[in-house]
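What follows is a set of notes on a single structure, which appears directly below.
The values are calculated or read from the model by the stated rules, or taken from the named source; none is laboratory data. Values in this document were obtained by computation on a predicted structure and should not be read as measured data. Every residue, glycine among them, receives a Cβ derived from its backbone with ideal geometry; neighbour counts consider all protein chains shown. Accessible surface areas use protein heavy atoms only, side chains included; no ligands, DNA or RNA. Shrake-Rupley method; radii C 1.70, N 1.55, O 1.52, S 1.80 Å.
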Amino acid sequence: MPIRTLLALFFLLISQPSLATNRYYSDNRLEPQPGFNWDWSIGAGYYIEDSYLIGLDSYDDGIEPDLNLVISYNNFYLDIDHSQLSGGMVIGYSLVDKFDWGLDIVGTNVQAGFDETGLKIYDRDVVDELAGIDRRHYDFDVGLRLSRRFDDMQLSFELMHDITGTHNSWIFSSFLTRISQYRNWELRTGLGFNHYGGDFTDYYFGIDAHEATAQRPIYQAHASQSLVLEFHAEHPLSQNWVFLAGWLSTLFSSEISDSPIISQQYQHKAKVGVRYVF
């Protein structure tokens, strides 16, 4: 089986496109700890989202599993977070963790792959508006992450580069988050900014000559940006059960939204669910 197919299957299972931990928030538990440590929880959630790809149903909903796992050994860690929509899978190594500053080597998937059937690799019906486009593969990006914690807030910066040869481009991300309490509710808010290199944008959203049709002109994309806003809330139902709800909105720059295969400049996803904490 081709390595990119394996990557697609892997990220479909562990990166639903998002309680172990979340690297963007100040209570993350990715600091170095001696020896082997692990923690996990499981659950399920109901989601509603709209797609930014042309031809896809603007309203999509369903049930998705909520698997959360963090494994660490000294400075190495594996973090899988499905509770929060900004979560996903991260492999990392902590270089520095002093005075509320952190510097890590991190690896993660940034962009989900898609083809003429859309975003779901198990749905093989061709979407008319996407018919004839090449497959866009999942990427895997590695780089440095600098973070600073301020009590219940955290500011982080990430500079990563694709190592799979998918788009061979740079990605810069920053995220400012805050955790607050209201009675028995834990409230999490986050604001993020992403900058994507030209090769990234052109690979996923550009249109080559052999993909062009009368309704889908050639399109060469350049560097692009996106803004991300997240809200997440949790409330304990019992000693082990937790209710959760979240909202994630993404606003794309015109280099992405002007693509002939993009239907809108934004994407929203909402989720409610429960998880069992061991």
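Points worth noting:
- Extension gain from residue 278 to residue 95, taking 0.36 nm per residue of separation minus the Cα-Cα distance: 62.9 nm
- Protection proxy ranking of 201-208, 126-133, by the mean of other Cβ atoms within 10 Å over each peptide's residues and highest first, is 201-208, 126-133.
- Element breakdown for the chain at a 1.4 angstrom probe: carbon and sulfur atoms account for 61% of the accessible area.
- Sum of side-chain charges, residue 155 neighbourhood, beta-carbon under 13 Å (Lys, Arg +1; Asp, Glu -1): +1
- Rounded FRET efficiency, nearest 0.05, which uses the C-beta distance separating residue 27 from residue 237 and R0 of 22 Å: 0.65
- Surrounding net charge for residue 66, when Lys and Arg each add one and Asp and Glu each subtract one, Cβ distance under 15 Å: -2
- Partner aspartates and glutamates for residue 98 [C-alpha distance under 13 Å; skip if fewer than 8 residues away on the same chain]: 31
- When the Cα gyration tensor is reduced to axis lengths a ≥ b ≥ c, the ratio a/c is 1.5 or higher for the range 80-142, and with a/b above b/c it is classed as prolate.
- Extension gain for the segment residue 174 to residue 144, taken as residue separation times 0.36 nm less the Cα-Cα distance, is 9.6 nm to one decimal.
- Computed FRET value (nearest 0.05) for residue 105 with residue 227, which takes r as the C-beta separation and R₀ as 22 Å: 0.25
- Counting Lys and Arg as +1 and Asp and Glu as -1 over every other residue whose Cβ lies under 10 Å from the Cβ of residue 55, the net charge comes to -4.
- Computed as a quarter of the hull surface, the mean projected area of the alpha carbon convex hull for the range 148-263 stands at 10.2 nm².
- Taking the charge dipole of the range 91-217 about its Cα centre, with +1 at Lys and Arg Cβ atoms and -1 at Asp and Glu Cβ atoms, the residue from 175, 111, 160 reaching farthest to the positive side is 175.
- Under the simplified labelling scheme, the residue 134-residue 60 pair shows an inter-label distance of 2.3 nm, with each label point 7 Å from Cα along Cα→Cβ.
- Options (1) 25, 23, 20; (2) 41, 29, 17; (3) 32, 21, 18 - which one matches semi-axes √(5λ) of the Cα gyration tensor in Å as calculated here: (3)
- With helices as the sole contributors, the chain gives -2500 deg cm²/dmol at 222 nm; each DSSP H run of n ≥ 4 counts as -39500 (n - 2.57), and the sum is divided by every residue.
- Scoring 102-114, 213-225 by mean Cβ neighbours within 10 Å over their residues and listing the highest first yields 102-114, 213-225.
- The stretch between residue 163 and residue 195, if pulled fully straight at 0.36 nm per residue, gains 9.8 nm over its current Cα-Cα span.
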